[in-house]
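The values are calculated or read from the model by the stated rules, or taken from the named source; none is laboratory data. The structure presented is a predicted model; accordingly, all values stated were derived computationally and were not measured. Positions of Cβ are generated from backbone atoms using ideal geometry, with glycine treated the same way; all protein chains shown enter the neighbour counts. Ligands, DNA and RNA are stripped out before the accessible areas are found, and what is left, the full protein with its side chains, is counted by its heavy atoms. Shrake-Rupley method; radii C 1.70, N 1.55, O 1.52, S 1.80 Å.
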Amino acid sequence: MRFPFIFSGLIFVFSVCVGLLTSCRQDEPAPPEVPSGRRTVLVYMVADNNLGSADFDSYDLAEMLAGVKAGALGEGDRLLVFHEPYGTAPSLKEVTPSGVVTLASYDGDVCGVEASTMRMVLADVRALAPAESRGIILWSHATGWIEDGIAENRGGECLVSPLSFGLSGRRKMNTSTLADVLEGEGLDFVYFDCCYMMGIESVYELRRTAPVLAGSPTELPSAGMPYERTLAHFFSPGSADVAGAARVTFEYYDSMSGSARTSTMSVVRTAGLEALASATRAIYEVSKAGMPVAPFVAQRYTATGIERCNYFDFAQYVRHLGAGHPALVAAFDAALSSTVVYEAATPYLWSSIALSDHCGLSTYILPTYADAADRGYSSLEWWPDVASHLQ
């Protein structure tokens with residue numbers, strides 16, 4: 001399925017000539033154990049889609065190289081990239097001050113949004129770049145909670161849009177599948193360099209994957225994160241400064257003008273999500289499902305009409321539902337503030353949607369209780385734990 005590139009121990013660890021790689025046969029002995037480093041960050045780049053055909057993956061790899069050459073990596077730090085380009089076979093690369101080196105190549109039929117592939121790549125990263133601290137940056141298309149991606153028993157073929165995480169050709173990965181793969185990996189953070197992943201339904205599903213989740217509850221510009229500016233934050237001394245990377249990304253787009261000035265970013269402490277779910281459930285238990293009537297106007301996070309919108313501001317909606325229960329709203333606000341540790345939004349999305357409300361998390365407002373089966377909403381853990389109490 002894959003063709004690993006095997007190093008001798010001295011060449012792999014110490015040689016400045018890291019480009020001298022030799023391939024091996026499947027039956028050759030395993031390479032020597034690699035000493036553990038300080039921190040390894042994997043950028044999981046699924047670009048077999050229009051982002052790749054427009055070379056945004058190449059631009060971001062160039063930004064990563066620029067950031068590493070500028071000193072983003074400290075002693076014992078490594079930056080690896082699983083790169084699935086447009087129309088060609090994927091590979092595992094390392095970005096070093098001397099250039100980008102290929103560590104492993106995979107067969108052309110390897111698909112980055114299949115659970116087996118992601119598990120294989122994570123295992124390769126553990127073997128080739130073991131470290132005391134590890135994080136992952138997920139790079140691709142995404143639409144968060146919508147559960148219509150591939151399942152292990154479906155064989156892989158799905159529609160192009162909508163999707164959950166990733167888009168590889170005509171295939172994608174459900175958020176629940178992503179959670180299942182990442183749980184138990186010992187990650188310190190998961191950062192989404194893709195759209196719509198910071199919804200309460202998605203982060204709740206992913207709450208056991210890492211202590212910190214970060215990304216955007218809205219659509220991101222195609223250029224994504226400015227890696228040459230943010231990489232140093234992921235490799236900061238002590239813990240990774242994930243909020244710093246999110247802040248730099250936001251400020252980068254907030255400094256622009258016109259429709260280019262569009263960004264929402266947030267960082268979530270997953271330890272707070274159980275309490276936030278409990279506080280939300282208490283309000284839902286005294287409320288009714290469906291879009292509240294006028295004069296309430298839900299804060300949309302997309303440019304589509306309300307009847308087609310999948311993402312609304314979470315806090316605005318919950319606070320409206322709990323307006324007659326101030327103690328419940330106070331408990332909700334306290335749980336929210338201890339969970340969302342950073343959030344920021346430009347005044348408008350694409351110069352078209354005013355962002356008067358932004359808490360850092362989106363939610364889906366069910367038209368009716370019976371609509372829960374739509375696109376797999378009721379298959380998410382948020383449904384039985386919280387949303388099903390809203391009737």
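The criterion of being open to solvent by 20 Å² or more (accessible area, probe 1.4 Å), of a type in the set (A, V, I, L, M, F, W, C) and more than 22 Å from the chain's Cα centre (by Cα) holds for residue 330.
Is it fair to say residue 229 is modelled with pLDDT of 95 or more, open to solvent by 70 Å² or more (accessible area, probe 1.4 Å) and in contact with a helix residue (DSSP H, G or I) (Cβ under 7 Å, 6 or more places away or on another chain)? For residue 229, the condition - modelled with pLDDT of 95 or more, open to solvent by 70 Å² or more (accessible area, probe 1.4 Å) and in contact with a helix residue (DSSP H, G or I) (Cβ under 7 Å, 6 or more places away or on another chain) - is met. Considered as a group, the residues in the stretch 102-120 that are surrounded by 14 or more Cβ atoms within 10 Å (Cβ to Cβ), under 20 Å from residue 49 (Cα atoms) and not hydroxyl-bearing (Ser, Thr, Tyr) include one that is modelled with the highest pLDDT, and that residue is 118.
Quick check, is residue 285 of a type outside the set (Val, Ile, Thr), out of contact with any helix residue (DSSP H, G or I) (no Cβ under 6 Å at 6 or more places or on another chain) and surrounded by fewer than 18 Cβ atoms within 10 Å (Cβ to Cβ)?
Working: of a type outside the set (Val, Ile, Thr): yes; out of contact with any helix residue (DSSP H, G or I) (no Cβ under 6 Å at 6 or more places or on another chain): no; surrounded by fewer than 18 Cβ atoms within 10 Å (Cβ to Cβ): yes.
For residue 285, the condition - of a type outside the set (Val, Ile, Thr), out of contact with any helix residue (DSSP H, G or I) (no Cβ under 6 Å at 6 or more places or on another chain) and surrounded by fewer than 18 Cβ atoms within 10 Å (Cβ to Cβ) - is not met.
Scan the stretch 252-259 and give yes if some residue there is within 23 Å of residue 226 (Cα to Cα) and in contact with a strand residue (DSSP E or B) (Cβ under 6 Å, 6 or more places away or on another chain), otherwise no. Within the stretch 252-259 (the criterion being within 23 Å of residue 226 (Cα to Cα) and in contact with a strand residue (DSSP E or B) (Cβ under 6 Å, 6 or more places away or on another chain)), the answer is no, since none of the residues qualifies. How about the stretch 314-348: which of its residues are under 23 Å from residue 250 (Cβ atoms) and either touching a His at 6+ places or on another chain (Cβ under 6 Å) or basic (Lys, Arg) (or both)? Once the filter is applied, which keeps residues that are under 23 Å from residue 250 (Cβ atoms) and either touching a His at 6+ places or on another chain (Cβ under 6 Å) or basic (Lys, Arg) (or both), the stretch 314-348 yields only 345. Just one residue in the set 232, 282, 210 is in contact (Cβ under 8 Å) with a residue 40 or more places away in the chain, more than 16 Å from the chain's Cα centre (by Cα) and under 25 Å from residue 331 (Cα atoms); that residue is 282. A single member of 252, 191 is assigned to a helix (DSSP H, G or I) and among the hydroxyl-bearing types (Ser, Thr, Tyr), and it is 252.
Tell me which residues, restricted to the stretch 348-380, are without any contact (Cβ under 8 Å) to a residue 40 or more places away in the chain and of a type outside the set (Gly, Ala, Ser).
Answer for the stretch 348-380, where residues must be without any contact (Cβ under 8 Å) to a residue 40 or more places away in the chain and of a type outside the set (Gly, Ala, Ser): 371, 374.
Does the stretch 93-117 hold any residues that are of a type in the set (D, E, K, R) and in a strand (DSSP E or B), and which are they? Working first, answer last.
Kept after step one, since they are of a type in the set (D, E, K, R), are these residues of the stretch 93-117: 93-94, 107, 109, 114.
Correct list: 93, 94.
Taken as a whole, the condition of being closer than 16 Å to residue 194 by Cβ, outside any strand (DSSP E or B), touching a Phe, Trp or Tyr at 6+ places or on another chain (Cβ under 7 Å) and of a type outside the set (A, V, I, L, M) applies to residue 52. Within the option set 317, 377, being in a helix (DSSP H, G or I), in contact with a strand residue (DSSP E or B) (Cβ under 7 Å, 6 or more places away or on another chain) and open to solvent by less than 20 Å² (accessible area, probe 1.4 Å) holds for one residue only, 317. Listed conditions (1) over 24 Å from residue 79 (Cα atoms); (2) outside any helix (DSSP H, G or I); (3) within 16 Å of the chain's Cα centre (by Cα) are all met by residue 221, apart from (1). Counting only strands (runs of 3 or more DSSP E) that fall entirely inside the stretch 130-183 and contain at least 3 residues that are modelled with pLDDT under 90 and touching a strand residue (DSSP E or B) at 6+ places or on another chain (Cβ under 6 Å), the qualifying elements are 165-168, 171-173. Within the stretch 66-81, count every residue that is buried (at least 19 other Cβ atoms within 10 Å of the Cβ) and out of contact with any Gly (no Cβ under 7 Å at 6 or more places or on another chain). Of the residues in that region, 7 qualify. Starting from residues that are open to solvent by 80 Å² or more (accessible area, probe 1.4 Å) and not basic (Lys, Arg), keep the ones in the stretch 236-270 and report whichever is nearest to residue 205 (Cα to Cα). Once the filter is applied, the top-ranked residue is 239. Restricting attention to the stretch 34-65, the residues that are in contact (Cβ under 8 Å) with a residue 40 or more places away in the chain and either open to solvent by 40 Å² or more (accessible area, probe 1.4 Å) or within 20 Å of the chain's Cα centre (by Cα) (or both) total 22. With respect to the conditions (1) aromatic (Phe, Trp, Tyr); (2) assigned to a loop (DSSP other than H, G, I, E, B); (3) under 20 Å from residue 186 (Cβ atoms), residue 86 falls short on a single one, namely (3).
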